[in-house]
Amino acid sequence: MSMRIFTLISVMLLTALIGCERVNQVVQPEAITTLTETTLKIGVIQPSNTFTTFSQGAETARAQINEKGGVLGMQIEFMSRNNQPVASEPPTPEASVSAAKDLIEMENVFALLGPVYSTNSVEVGPIAQQARRLMLPGSSGSNVPETGDYVFLITVPNPFQGKVMASFAMNTDELEAKTAATIIEEGDVYTTDLVQAFEATFQQNGGEIVHSGAYSVGETTFTALLTEIHKVQPDVIFCPGFQPEVPSLIKEARQIGITGTFLGGSAWDDRERFLSILEDNSVLDGSYYPTNFSVATQDADVQEFVSRYTDLFGSPPDGIAASGYDAMRLLARAIETAGSLDRVAVRDAFAAVNGYKGATTISHYDENRHPVKSLTIQVIQNGQVEHYKVVEP
C-alpha cells in the first residue's frame, strides 16, 4: 500500500471516529433518558418521624400505577432518603440538600418528590433546577417555585391559606373576629409566609392585629408570649406552626385564661402526631385549620384514594398523604402526556396540567407554578378532626 493511500485511509478513519463521537453527543444529551430500562427511578425525600404520610400517599399512587402497567411500560421504583437526622427535631436543610444530591448524582432518579418543609424545599429547589429534575414538594411556601421552573407546588400555597383563614375568622357567624394575634415559628419560611398573608387580609378587611409574636423550635413553655396575648384578649389567635409546640402552646393558653379561638395552617393536618402530643385534646376543641383534602369529600376519585390508602396503611389518609398521592399521579400523567422521558417535554406537560382529579382537584397551574384548587377547613371537636366547609379559589 502506498504512503498516500495509507494516509488517506487514516484520515477517513479519524474523521469517522470524530463523527461518531459528535453523533453520540447529539443523541445522548443529559435532558433525554432512553426507554430501554424496565424501571423508572423516582427520588423521595421523607423525614423519618414527621409528615410520614407524604411518602405513604405517594406509595399508594405508585402501587396503583404499577398495577396498571407502570409509566410508558416501566415500573416505578422509589429511592428514598431521610432528611431528619434527629427524630425529635425537625428535618434540616443540610440533610435535605445531601439527600437530593445523593438521589440525583448516585441514584440518577428522574424526579424528586419532597421535601415537606418549605424551609428545606427552598434549599433543594436550586439543586433540582440545575440538574433539570422535576421537583414536587409536599410544602406550600409560595416562594418555593421561585427556585426554578422545574419546581411545582402540589398543595394550596400559603398566601391563599392565610387569606382564607383571615376572611373565615371575620365572616364566619361563630367567630366574627375584629381583633387577632399571630404567632410564627422563629426562622420558619412556612409560618412567616402564612402569617404575612393573614395579617394583610385581616387588616385590609378592617380587622386589627393586636399582637404579633414568635416561639422557637423545642420550646416547651410559652409564658412570656402568652402573657402578652392574654393582656390584649384577641378574638382569634392565628398560630399555623407544627407539633409538638403548637398543641402544648394552646394547652398553656387555656390554662392562663386565653379564650380566643385558635386558627392553624395545613401543618396541623399531620393529624396523627398533632393529636398525640396531649393526653387530653379537649383543649383543642373549637380550633380550625385549612387543608387541601378531606376524607368526607364524596367523589369517586377521592374515595378510591381513601380506600386504597386505608387498605395499605390501616388508617384514613390526611392532607399530607393527599399531596404525596397527587404528586406521583401528576408526575406519571405528565410523562405519559410527553410520551418520553425528555425532561423539558415532561416539565412542559406538567405546567399544562388542566382539570386534574385525584385525591384533590387541580383546575390548572398559574404563572407561579402554584396549583389553583379549593381549600377545606377542618374543625377539632371532641378531640377529633371533623370536616367544616370547602372554600373555592
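General remarks:
- Criterion (surrounded by 24 or more Cβ atoms within 10 Å (Cβ to Cβ) and outside any loop (DSSP other than H, G, I, E, B)) met by exactly one of ILE183, ILE154: ILE183
- The criterion of at least 3 residues that are within 19 Å of the chain's Cα centre (by Cα) is met, among helices (runs of 4 or more DSSP H) falling completely within region 225-333, by 271-274, 300-313.
- Some residue of region 99-108 being under 12 Å from the mean Cα position of the chain (by Cα), part of a helix (DSSP H, G or I) and crowded, with 22+ Cβ neighbours inside 10 Å: no
- Boolean, VAL306 is aliphatic (A, V, I, L, M), without any contact (Cβ under 8 Å) to a residue 60 or more places away in the chain and either buried (at least 21 other Cβ atoms within 10 Å of the Cβ) or out of contact with any helix residue (DSSP H, G or I) (no Cβ under 6 Å at 6 or more places or on another chain) (or both): yes
- Residue count for region 258-293, restricted to those that are in contact (Cβ under 8 Å) with a residue 40 or more places away in the chain, touching a helix residue (DSSP H, G or I) at 6+ places or on another chain (Cβ under 9 Å) and surrounded by fewer than 17 Cβ atoms within 10 Å (Cβ to Cβ): 2.
- Top-ranked residue of region 34-57 - restricted to ones that are touching a Gly at 6+ places or on another chain (Cβ under 9 Å) and in a loop (DSSP other than H, G, I, E, B), ranked as modelled with the lowest pLDDT: LEU35
- The residue list THR361, THR337 contains one member that is in contact with a helix residue (DSSP H, G or I) (Cβ under 7 Å, 6 or more places away or on another chain), under 26 Å from GLU146 (Cα atoms) and not aromatic (Phe, Trp, Tyr), which is THR337.
- Note on region 170-211: residues that are modelled with pLDDT of 95 or more, in contact with a helix residue (DSSP H, G or I) (Cβ under 6 Å, 6 or more places away or on another chain) and hydroxyl-bearing (Ser, Thr, Tyr) total 2.
- Boolean, ASP301 is within 24 Å of GLY57 (Cα to Cα) and in contact with a Gly (Cβ under 9 Å, 6 or more places away or on another chain): yes
- Every pair of residues 6+ apart whose Cβ atoms lie under 6 Å, when the first sits in region 343-364 and is closer than 22 Å to SER294 by Cα while the second is β-branched (Val, Ile, Thr) and in a strand (DSSP E or B): TYR356/ILE362; SER363/VAL372; HIS364/VAL372
- Boolean, SER121 is surrounded by fewer than 24 Cβ atoms within 10 Å (Cβ to Cβ), assigned to a helix (DSSP H, G or I) and out of contact with any Asp or Glu (no Cβ under 6 Å at 6 or more places or on another chain): no
- The listed residues are VAL71, VAL86, VAL44, and the only one of them that is among the β-branched types (Val, Ile, Thr) and either assigned by TED's automatic domain parsing to the domain that holds VAL189 or closer than 15 Å to VAL124 by Cα (or both) turns out to be VAL44.
- Scanning region 139-151 for residues that are out of contact with any Pro (no Cβ under 7 Å at 6 or more places or on another chain), modelled with pLDDT of 95 or more and not in a helix (DSSP H, G or I) returns ASP149, TYR150.
- Test: residue in region 161-181 that is at negative phi and in contact with a Cys (Cβ under 9 Å, 6 or more places away or on another chain): yes
- Which listed residue is hydrophobic (A, V, I, L, M, F, W, C), within 24 Å of PRO317 (Cβ to Cβ) and without any contact (Cβ under 8 Å) to a residue 24 or more places away in the chain, from ALA296, ALA300: ALA300
The values are calculated or read from the model by the stated rules, or taken from the named source; none is laboratory data. Nothing here was measured: the structure is a model prediction, and the numbers come from that model. Virtual Cβ from ideal backbone geometry, glycine too; neighbours counted across all protein chains shown.
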